[in-house]
1. Going by the structure shown, is Glu62 without any contact (Cβ under 8 Å) to a residue 40 or more places away in the chain and open to solvent by 90 Å² or more (accessible area, probe 1.4 Å)?
2. Tally up the residues in the stretch 69-119 that are part of a helix (DSSP H, G or I) and either at pLDDT 85 or above or surrounded by 10 or more Cβ atoms within 10 Å (Cβ to Cβ) (or both), please.
3. Take the residues of the stretch 37-52 that are of a type outside the set (A, V, I, L, M) and at pLDDT 80 or above: which is least open to solvent (accessible area, probe 1.4 Å)?
4. Considering the stretch 32-47 alone, what residues qualify as being in contact with a helix residue (DSSP H, G or I) (Cβ under 6 Å, 6 or more places away or on another chain) and of a type outside the set (A, V, I, L, M)?
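The values are calculated or read from the model by the stated rules, or taken from the named source; none is laboratory data. Keep in mind that this is a model prediction, so the values were computed, not measured. Note that each Cβ is placed from the backbone with ideal geometry, even for glycine, and that neighbours are counted across all protein chains shown. The protein model used for the area step is the full one, side chains on, heavy atoms only, and it has no ligands, DNA or RNA in it. Shrake-Rupley method; radii C 1.70, N 1.55, O 1.52, S 1.80 Å.
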Amino acid sequence: RENMEARRSLAERFEQNKAVGKELQAHLPHGLLTEDLRAFLGMIQRVQVLEVERLQLDHTRETQQVQLDERDEEIVMLREQLRLRNAHLRAQRELISAEQRKQLPVRLCLLTGTFADAT
């Protein structure tokens, strides 16, 4: 939520700065006396545009980093669930008799095609 407000604020400022920049650029040839001053102000305008673009890219990178961190946490949790499941299956196999164990499959089919050793 906070990121969305910051992003909206940046987008509004960017659009305002862009409009002001275009207006100033249109008036540059008429209002400035020297070519050097025109070039200097043009560079300042370009620097400001690049700074705003960098802020937008930083925001995008931070958002993607948050998503990557969430995925990493989910992967860790799922791996732990699989480890606990396999430990539970091993414990259950140890509890049944040798005769019952012969009737069980050696491998279990998981997730339509993923195989895991059940022993």
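1. Criteria not met by Glu62.
2. Filtering the stretch 69-119 down to residues part of a helix (DSSP H, G or I) leaves 69-95, 98-103.
Retained after the next criterion (residues that are either at pLDDT 85 or above or surrounded by 10 or more Cβ atoms within 10 Å (Cβ to Cβ) (or both)): 69-93, 100-101.
Qualifying residue count, the stretch 69-119: 27.
3. If we filter the stretch 37-52 for residues that are of a type outside the set (A, V, I, L, M), which is where we start, we get 38, 40, 42, 45-46, 48, 51.
Subset that is at pLDDT 80 or above: 40, 42, 45-46, 48, 51.
Values: Phe40: 106, Gly42: 28, Gln45: 57, Arg46: 122, Gln48: 101, Glu51: 108 Å².
In this case the residue turns out to be Gly42.
4. Those that are in contact with a helix residue (DSSP H, G or I) (Cβ under 6 Å, 6 or more places away or on another chain) and of a type outside the set (A, V, I, L, M): Arg38, Gln45.
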